[in-house]
1. What order do you get for 122-128, 395-401, 7-13 when each peptide is scored by the mean count of other beta carbon atoms within 10 Å, highest first?
2. Of Lys87/Lys298; Lys166/Lys249; Lys132/Lys406; Lys117/Lys166, which ones are farther than 32 Å apart at the Cα?
3. Report, in listed order, any pair from Lys72/Lys130; Lys130/Lys331; Lys29/Lys358 with a Cα-Cα distance greater than 26 Å.
4. Given Cα positions, please report Rg to Rh for region 262-305, the hydrodynamic radius being the Kirkwood one.
5. Size of region 15-127 along its principal axes in angstrom, Cα-based, largest extent first?
6. Compute a Gaussian network model of the chain, connecting alpha carbons closer than 10 Å, and tell me which residue from Val33, Val268, Val52 fluctuates the most.
7. How many nm separate the modelled label positions at Glu175 and Ala89, each set 7 Å beyond the Cα in the direction of the Cβ?
8. Distance from a point 7 Å along Cα→Cβ of Arg241 to each backbone N in region 18-49: keep the residues under 16 Å and list them by number.
Amino acid sequence: MTSRNYDVIIIGGGIMGSSTAYHLMKADKKIKVAVVERDLSYEKASTALSMVNARIQFSLKENVQISQYAFKVLENFEEEMEVDGVKPAIFYRREGNLFLYDETAEPSARKAFAMQKELGCAIEWWSPEKIKERYPIYTNLDGIVGGTFGPEDGHFDAYSVLMGYKAKAKSLGAEFIQDEVVELITDRGTIESVKEKTAGTKEVVQDIKQASSSIQGVKIASGLTLNSSKVINCAGAWAARVAATAGIKLPVEPVKRQVFAVEPEFKVPYPLPLTILPSGFYFRTETGGLLLLGKSMKEDPVGFDFSWNQERFELLWGELYEFAPVFESLKLVKGWAGLYAMSTLDANAILGEWPELKGFYLANGFSGHGLQQGPAVGRYMTELITKSDHQLDLSIFSPERVLFNKPIFEDGIV
Ligand SMILES: Cc1cc2nc3c(=O)[nH]c(=O)nc-3n(C[C@H](O)[C@H](O)[C@H](O)COP(=O)(O)OP(=O)(O)OC[C@H]3O[C@@H](n4cnc5c(N)ncnc54)[C@H](O)[C@@H]3O)c2cc1C
């Protein structure tokens, strides 16, 4: 047999692909879903290389609501994903996030704080004195005018969440295929760009949708053709490569980010929240007496580069020591590099059907905050595919904004 038929094909089995497969199967056990994942070890998947932080501290209302939903899901996750009496252990720890602000950042931080409060989030505004009182080891608060503490923010075991979604989706009937999608199959030869038509109105987008062609399936490396009128691109940092096989130019780039695990001589007697300095440098305590730290930098290379550069650590250690001198003495234990699937348009998710190719859906461009968006995105993609009502309207992330070059703004990008 050289071809197989499915109702939905998902490209990539990371958090987005696996959550979407689960939600589709939960919505309708009769749907025939295939998840094509080229590496079931997930060695290079961003899901497995993340800092796994979940927070409501965003400036865009929808990003806050996505995380509020994630919190609810994570609280119940182990029960919800039980398969044959086996529950995943996700080690969900709500140790808080503390964002620190300088004078420049304060106005937008206050605005986001007010919005988060209005949405019912657990969030507190702390003065520098309060910060010192709660975390006396943060002795150097020069230039810090205040901070926001989200006591319910926290972290979890990403791999267990991924495996939880995958096992449950499989138990409900989704098929996971180890292979690589090498080409999208469409019913047309070339893609006409609509950028020139640019009025940007809803009517124009409607015209494009009606005039555009359709997806028919995918070719995979082993030679098989998988047929489907609905294909979802969940290929993470590789999303633009996949889209390019149908002539679609997605503004998503792989950008290397690095994490360092250090063992300080000073043993912190309480968990430290993920603490984010105005420079973007962040750290938190990890089990085993470790600290995890990192920072996104402008010079982080674009490309599929997973090398881990210890020299970077020297820069970060300086920032840590200056902020909290108790960490003067520490040992670098390990670290890793992973990829942000960076949306170069606006560092935010791109969710929905690509207007130029009917049936081709995108769940891409999550940059540095996609893991916590996995639950809401899986549910939303399912609502789009099954044409159900939306429990949370995420249309602000529609791919139409890519065609019309209309970025949305989020101040809480780390
Ligand atoms: C260092 C680092 C720290 C981060 N910290 C956080 C954080 O604290 N909080 C947070 O929410 N997010 C964080 N993120 C971001 C988060 O990890 C990602 O946004 C999220 O995991 C994206 O999930 P995904 O399923 O889209 O991509 P991935 O997990 O990368 O999965 C994509 C999958 O697609 C597969 N694939 C690609 N191309 C093909 C193909 N052609 N055929 C078949 N399979 C294919 C890949 O093998 C991969 O397994 C971080 C990321 C990094 C790198």
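Every read-out reported here was derived from the displayed coordinates using simple, explicitly stated rules and does not represent laboratory data. Note that the structure is a prediction, hence the values are computed from the model and not measured. No Cβ is skipped: glycine too gets one built from the backbone with ideal geometry, and neighbour counts run over all protein chains shown.
1. Details: 122-128: 16.7, 395-401: 19.4, 7-13: 26.9.
Result, highest mean Cβ count within 10 Å first: 7-13, 395-401, 122-128.
2. Working: Lys87/Lys298 41 Å; Lys166/Lys249 29 Å; Lys132/Lys406 41 Å; Lys117/Lys166 34 Å.
Exceeds cut-off: Lys87/Lys298; Lys132/Lys406; Lys117/Lys166.
3. Values: Lys72/Lys130 29 Å; Lys130/Lys331 30 Å; Lys29/Lys358 24 Å.
Among Lys72/Lys130; Lys130/Lys331; Lys29/Lys358, the Cα-Cα distance tops 26 Å for Lys72/Lys130; Lys130/Lys331.
4. Values: Rg = 13.1 Å, Rh = 12.1 Å.
In region 262-305, Rg relative to Rh is 1.09.
5. 52, 29, 24
6. Result for the chain, Cα springs under 10 Å: Val268 fluctuates most.
7. Here the modelled spin labels are 3.5 nm apart.
8. Those under the cut-off are 36-47.
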